[in-house]
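The values are calculated or read from the model by the stated rules, or taken from the named source; none is laboratory data. Just so it is clear, the model here is predicted, and its values are computed rather than measured. Note that we place each Cβ from the backbone using ideal geometry, even for glycine, and neighbour counts take in every protein chain shown. Keep in mind that these areas ignore ligands, DNA and RNA; they rest on the heavy atoms of the full protein, side chains included. Shrake-Rupley method; radii C 1.70, N 1.55, O 1.52, S 1.80 Å.
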Amino acid sequence: MPFYGRQNSERNVSMNLKYTSPRVFFPKSISEALERNRSEADAVFWAGGTHLSRYTENKTVISLPKNVISLGMVEELARASRSEHSLEIGSMMTLDRLAAIGRNTLPAGLYDAIIRIGSRPMRCRATIGGHLAVKDKIGDLRPLLQLLETTVETRSLKERHGRRKALSLTRKFPIALLEGKPGLGGGELICRISIPTESWDYGTYKKIIPTEDEERFFIFTALARVEKEVLTDLRMAFSDGYTGVLRDRDVEVGMAGRPLRLNTKELESLDDAVDTITEPWEKRDYEKETAKRLVRSFMNHISR
Amino acid sequence: MIISFFLNGNPVEIDTMPHHRSVDLLRESFQIKSIQQSCSDALCGTCLILMDDRPVLSCLVPAFELKFKDIWTMEGISSKKSYADIVGGYKSAHVQLCNSCAPARALATEALLRQTLRPSAELVRETAESVNCSCCSTRRVMDAILRAAKLREKRIHES
Ligand SMILES: Cc1cc2nc3c(=O)[nH]c(=O)nc-3n(C[C@H](O)[C@H](O)[C@H](O)COP(=O)(O)OP(=O)(O)OC[C@H]3O[C@@H](n4cnc5c(N)ncnc54)[C@H](O)[C@@H]3O)c2cc1C
Ligand code: FES
Ligand code: FES
């Protein structure tokens with residue numbers, strides 16, 4: 001016999017005035033979640049809710065959209081497996097679990113990146129799918145996942161004219177395409193994320209917060225392979241969370257095959273390249289200079 | 001919305017709004033006064049509870065998320081004999097906690113001990129940093145957590 005908690009009805013009424021109570025759905029499968037999203041106008045998918053439930057000033061209730069589709073009971077989204085070349089994870093995997101399963105298997109830098117996101121209790125709720133789906137900000141894991149050539153698998157329903165049933169569409173694409181257009185479509189559900197686990201000799205992830213303002217930051221991340229003191233593969237990216245994941249594939253390709261350590265001229269031209277890559281960070285001299293220093297320091301590290 | 005869940009090992013049920021913050025719901029409807037709501041933004045950690053054995057911040061958990069979950073708070077874990085391991089660990093490391101942080105730290109430690117008794121240094125650090133406290137050094141709290149893990153291991157071997 002359960003114990004019944006007491007709810008104060010007067011408080012309920014006053015809470016309701018400003019924040020309308022949402023309708024919450026608990027689908028058990030991906031197709032049920034998609035169907036629900038199609039039938040309920042303005043519904044949102046709810047994963048860990050750490051983004052959706054932030055920024056409400058009211059201490060008693062959380063401001064939520066009118067229709068919420070909780071993904072917590074969709075088992076297919078919680079699965080994870082490992083193949084020879086990649087880690088396949090369901091979008092509902094929490095960042096905490098990803099860090100735990102990947103501590104020894106995740107590519108260099110990724111573990112460090114995960115455990116720098118919020119606190120552990122927050123990571124026990126936040127999911128990788130939610131992290132990638134947030135639209136107004138680029139999550140900290142995106143730049144490195146992009147360098148690793150992570151792919152995302154989504155599903156959505158497309159209306160068929162004149163028919164009652166909608167067509168189910170599956171899309172698999174590089175994570176870089178989450179940015180810009182078409183990006184993640186409305187009603188498109190991130191189902192799986194595939195992270196290649198091929199090995200890199202060097203990997204780095206740095207998040208620089210120059211002032212006390214946590215919103216002003218930038219990330220530098222890089223991967224490198226070195227064979228007999230020759231740089232055979234280099235990838236590097238920058239992000240300030242808003243102006244896109246900044247990267248220049250031509251620069252990276254141009255660096256491959258260079259003997260290490262780089263000479264002064266090569267380092268200077270790399271400085272120029274970093275200047276160009278970070279051009280969208282207008283008037284942020286500190287960030288641009290630090291970015292160059294970080295790249296030089298990485299080059300130094302891989303030349304040892 | 002009627003929500004059934006387990007609270008400190010007992011089945012409970014409540015008719016509430018789905019977007020009610022769990023921290024408020026637990027405090028006001030279930031008299032769980034050990035959790036505190038300070039920042040309401042996942043920053044301080046004082047609203048920490050265990051949900052299916054994981055530490056989570058109840059200020060960011062709406063009531064509907066409690067459905068069918070196994071929730072533990074200080075009121076529950078402190079009634080168990082094994083709680084003495086946590087008290088012992090903090091005491092022997094000479095870590096004194098204030099009333100706001102103590103329940104959250106105890107729960108974060110309990111979550112870790114339920115997960116593993118031989119935690120990695122990173123996991124111990126993450127546990128110590130779960131609560132944003134201005135007075136205790138992380139290193140001392142880490143020491144306390146490791147001592148608690150040893151005491152728990154001893155208890156399990158002896159039982
Ligand atoms: C205290 C705190 C600190 C933080 N610090 C950092 C930080 O340092 N760096 C950083 O990068 N981020 C940080 N974040 C943001 C955090 O990474 C995101 O809030 C989190 O990853 C979102 O995941 P979620 O599962 O909670 O998403 P939710 O809040 O559930 O959803 C977020 C958005 O994604 C959509 N969505 C969720 N799942 C899917 C899916 N499978 N398919 C399609 N759409 C989906 C939702 O509809 C919603 O629009 C922080 C957040 C908090 C609360
Ligand atoms: S009230 Fe501060 S983390 Fe929840
Ligand atoms: S123990 Fe509470 S602020 Fe440090």
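Worth a mention:
- Base-10 log of normalised Debye intensity for region A:35-120 (one unit scatterer per alpha-carbon) at q = 0.13 Å⁻¹: -0.59
- Summarising the amide proton neighbourhood of B:GLN36: residues at separation of 5 or more, or on other chains, whose placed amide H is nearer than 5 Å comprise B:CYS47, B:LEU48.
- Remark: the Cα gyration tensor places region A:167-214 in the oblate category, a/c being 1.5 or greater and a/b not exceeding b/c.
- Charged neighbours of A:SER303, selected by a Cβ distance under 9 Å, balance to +1 (K, R count +1; D, E count -1).
- The mean count of C-beta atoms from other chains within 10 Å of the C-beta of residues in B:58-68, rounded to a whole number, is 6.
- Compared with the dominant Cα axis of chain A, that is its longest principal axis, helix A:30-39 is turned about 60°.
- Per-residue HN-Hα couplings for region A:113-124 [Karplus 6.51, -1.76, 1.60; θ = phi - 60°; Hz; x = Gly/Pro]: 5, 5, 6, 8, 8, x, 10, 4, x, 6, 5, 6
- Rolling a 1.4 Å probe over the heavy atoms of the protein chains gives region A:97-162 an accessible area of 38 Å² per residue.
- Helix A:9-18 axis, angle to chain A major axis (alpha carbon atoms, nearest 10°): 50 degrees
- Candidates A:THR221, A:THR20, A:THR50, ranked by Gaussian network fluctuation over chain A, Cα under 10 Å, top entry: A:THR20
- Neighbour cut-off at most 10 other Cβ (10 Å), DSSP loop, GluC sites (Glu not before Pro), region A:31-129: A:GLU57, A:GLU84
- Part-to-part distance (alpha-carbon centres) for region A:212-257 and region B:1-29, which is given in Å: 47 Å
- Per residue, region B:19-129 exposes 36 Å² of accessible surface when a 1.4 Å probe is rolled over the protein heavy atoms with every protein chain present.
- Rounded if a/c under 1.5, otherwise prolate or oblate - region A:75-196, Cα gyration tensor axes: prolate
- Full-stretch length increase - A:GLU84, A:ASP248 - with 0.36 nm per residue and alpha-carbon distance subtracted: 56.1 nm
- Average accessible surface for region A:165-262: 50 Å² per residue, computed with a 1.4 Å probe over protein heavy atoms with every protein chain in place.
- Mean Cβ neighbour count within 10 Å, used as a protection proxy, ranking B:79-89, A:147-157, A:256-266 highest first: A:147-157, B:79-89, A:256-266
- A simple count of charges around B:LEU117, restricted to other residues whose Cβ falls under 11 Å of its Cβ and scoring Lys, Arg +1 and Asp, Glu -1, yields +4.
- Accessible area that becomes buried as B packs against A, both chains, 1.4 Å probe, Å², nearest 100: 3700 Å²
- 10 Å binning of all Cα-Cα separations within region A:5-156, expressed as whole percents from 0 upward: 9, 35, 33, 17, 5, 1
- Gaussian network model of chain B, Cα within-10 Å springs - most flexible of B:LEU123, B:LEU66, B:LEU26: B:LEU123
- Within the accessible area of chain B, the carbon and sulfur atoms contribute 50%, probe 1.4 Å, all protein chains present.
- Residues B:ARG105, A:ARG97, sorted by accessible area with the largest first, give A:ARG97, B:ARG105 [1.4 Å probe; ligands and nucleic acids excluded].
- For region A:29-56 versus region A:91-164, the gap between their alpha-carbon centres in whole angstrom: 16 Å
- Accessible surface of chain A [probe 1.4 Å, protein heavy atoms]: carbon and sulfur percent: 48 percent
- Its Cα gyration tensor gives region A:202-302 an equivalent ellipsoid, and the semi-axes of that ellipsoid, as √(5λ) in whole Å with the largest first, are 24, 13, 12.
- Take each residue of peptide B:11-17, count the partner chain Cβ atoms within 10 Å of its Cβ, and average: the result is 6.
- Fraction of alpha-carbon pairs over 31 Å apart in the protein assembly as shown - percent: 49 percent
- Semi-axis lengths, Å, chain B, gyration tensor of Cα atoms, sqrt of 5 times eigenvalues: 27, 17, 12
- Protein-only accessible surface order, largest first, of B:LYS67, A:LYS228 at 1.4 Å: A:LYS228, B:LYS67
- Per residue of peptide A:50-60, the mean number of Cβ atoms on other chains within 10 Å of the residue Cβ is 5.
- Rounded to the nearest 10 Å², the accessible area of A:PHE173 at probe 1.4 Å: 10 Å²
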